[in-house]
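Asker: Before I ask anything, here is the structure I am working with.
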Amino acid sequence: MLPFEGSWGRTPADCDLSNDDRRGTLKIEKGRVDYYAAGGPIERIVAKTPTSITLDLRLTGFGQASMVRTTYTLEVAGTRLLRTDVSPPARVQYTRC
């Protein structure tokens with residue numbers, strides 16, 4: 001997962017550590033994914049290529065837990081990341097911090 005690991009932000013302000021309102025943050029670490037208000041372990045790697053990875057995540061946040069299938073696709077030489085969620089459907093773009 002090395003090319004995908006690291007901190008990502010939806011806006012430049014999300015990468016500013018002095019900003020207390022970084023709601024568009026995403027952090028991918030070995031075995032774990034964390035968003036602003038939810039996070040959890042990677043349950044399974046479903047598919048992987050050099051530029052994309054599909055994961056089953058067990059996320060908890062706001063007092064709830066859910067299983068989510070998400071695909072992360074690297075773009076622009078690894079400086080941008082596109083997140084595509086299956087259910088509910090969503091597409092979100094991030095920039096590497």
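What follows is calculated from the coordinates using simple rules that are stated; it is not laboratory data. Treat the numbers as computed from the prediction; the structure is a model and nothing was measured. Cβ placement follows ideal geometry from the backbone for every residue including glycine, while neighbour counts extend to all protein chains displayed.
Asker: Given a Förster radius of 22 Å and the C-beta distance between Ser66 and Glu29 as r, what FRET efficiency does 1/(1 + (r/R0)^6) yield to the nearest 0.05?
Answerer: After rounding, the FRET efficiency stands at 0.65.
Asker: Next question. Taking the Cα centre of the chain as origin, sum charge times position over the Cβ atoms of Lys and Arg (+1) and Asp and Glu (-1), and report the length of that vector in debye to the nearest 20.
Answerer: That gives the chain a dipole magnitude of about 240 debye.
Asker: While we're looking at this one, here's another question. When only DSSP loop residues count, what chymotrypsin sites (Phe, Trp or Tyr not before Pro) in the stretch 1-60 have their Cβ near at most 11 other Cβ atoms within 10 Å?
Answerer: Answer in residue order: no site qualifies.
Asker: At 0.36 nm per residue, minus the direct Cα-Cα distance, what do Val92 and Lys48 gain on full extension? Give it in nm, one decimal, please.
Answerer: So the chain would gain 13.9 nm between Val92 and Lys48.
Asker: Please work out the C-alpha center-to-center distance from the stretch 1-30 to the stretch 43-97 and express it in whole Å.
Answerer: Comparing the Cα centres of the stretch 1-30 and the stretch 43-97, I get a distance of 13 Å.
Asker: Hey, of [x] 17.4, 55; [y] 13.2, 40; [z] 12.7, 37, which did the structure itself give for Rg and Dmax of the Cα atoms in Å when calculated?
Answerer: Recomputing Rg and Dmax of the Cα atoms in Å here picks out [z].
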